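Note sheet for the following structure.
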Amino acid sequence: MQLIEKTIKTKLTDNAKFYGYVLDNSPEMDINRRRPAILIIPGGGYAMTSDREAEPVAIKMLSKGYQAFILRYNVAPVRYPAALLEIASSVKLIRDNAEAWHVDPDKIILAGFSAGGHLAANLATAWNGQLLQGYGYKREDIQPNGLMLGYSVITSGKYAHVDSFKNLLGDDYNNEVIRESVSLEKQVTAATPRTFLWHTYTDDCVPVENSLLFADALKKANVPLEMHIFPQGGHGLSLGTAETAIAENGYGIQTDLSVWPDLFATWVNNSFNK
């Protein structure tokens, strides 16, 4: 296995961190195998990036047969659109290295959690727009092929996780036009990639309406989606296992939703292996 560590440099920042866990090919099995790539975007309210939603998720994705990558993007006081450029550059990096990293360049899937889900969905809805082209990106380099959203921040409206948007935008949070431009249920088009979403009904931090609003926008745009709403559980549950529980209080063990990686893997295999 290759372990990769790189620094992502964009026109706005030069210090985001990118990590990769790349399964090698074997002549005993398939020396030419190209695997889907899962780019994991941890959450943290745009104030930090959570360890609980980073390496443990990458290891789980490896166990499903996917190449796994993690982006540790810039957070407050760095403001929008810095992190958006960093995730775009990360997708380009994976695609540029597809052969060396045994990746299928047409199977690059963003996997975001909480505010990291907002960042993932931001690229998924903006990859072919003018903002990123204005920073010199080519659409074919940064296009994500799939999107996975776990209890994601989506809307800046009624059901917003306000602190995430304040950290993302700074003083621009008070500008209604800018704030609405990052309310991602309003940015979905037919060019948004197929999406897998999951949330808990009782999330008391990022309301389930965030996922419901995004799913509704996807349906209206005729974008394929799969969504799972688990009946119980708070926010930030990651894998829902002891592996990702918070040590000091045991929070995060939710065995009924620990099936989501299996559901996600089935979705990937059904969506991209046809």
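Annotations for the structure displayed:
- Condition met for Glu99 (of a type in the set (Asp, Glu), farther than 25 Å from Thr241 by Cβ and out of contact with any Asp or Glu (no Cβ under 8 Å at 6 or more places or on another chain)): yes
- The residue list Ser164, Ser183, Ser211 contains one member that is touching a residue at least 60 places away in the same chain (Cβ under 8 Å), within 15 Å of Leu84 (Cβ to Cβ), of a type in the set (S, T, N, Q) and surrounded by 16 or more Cβ atoms within 10 Å (Cβ to Cβ), which is Ser164.
- Residues in region 230-240 that are within 20 Å of the chain's Cα centre (by Cα) and closer than 11 Å to Thr200 by Cα were compared, and the one that is surrounded by the most Cβ atoms within 10 Å (Cβ to Cβ) is Leu237.
- When residues of region 89-147 are limited to those that are small (Gly, Ala, Ser) and free of Cβ contacts under 8 Å to residues at least 40 places away in the same chain, the one surrounded by the most Cβ atoms within 10 Å (Cβ to Cβ): Gly129
- Residue within region 241-261 that is farther than 26 Å from Glu55 by Cα, buried (at least 19 other Cβ atoms within 10 Å of the Cβ), in contact with a Leu (Cβ under 9 Å, 6 or more places away or on another chain) and not small (Gly, Ala, Ser) present: no
- Test: residue in region 158-171 that is closer than 21 Å to Gly236 by Cβ, small (Gly, Ala, Ser) and assigned to a helix (DSSP H, G or I): yes
- Of all residues in region 214-244, those satisfying the criterion of being among the small types (Gly, Ala, Ser) and either in a helix (DSSP H, G or I) or touching a residue at least 24 places away in the same chain (Cβ under 8 Å) (or both) are Ala215, Ala217, Ala221, Gly233, Gly234, Gly236, Ser238, Ala242.
Every residue, every condition in (1) more than 15 Å from the chain's Cα centre (by Cα); (2) basic (Lys, Arg), yes or no:
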position	(1), (2)
Tyr19	no, no
Glu28	yes, no
Pro42	no, no
Tyr46	no, no
Arg52	no, yes
Ala68	no, no
Ile94	no, no
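- Among all positions in region 67-79, there is no residue which is in contact with a Pro (Cβ under 6 Å, 6 or more places away or on another chain), modelled with pLDDT of 95 or more and assigned to a loop (DSSP other than H, G, I, E, B).
The values are calculated or read from the model by the stated rules, or taken from the named source; none is laboratory data. Since this is a predicted model, take the numbers as computed values, not measurements. No Cβ is skipped: glycine too gets one built from the backbone with ideal geometry, and neighbour counts run over all protein chains shown.
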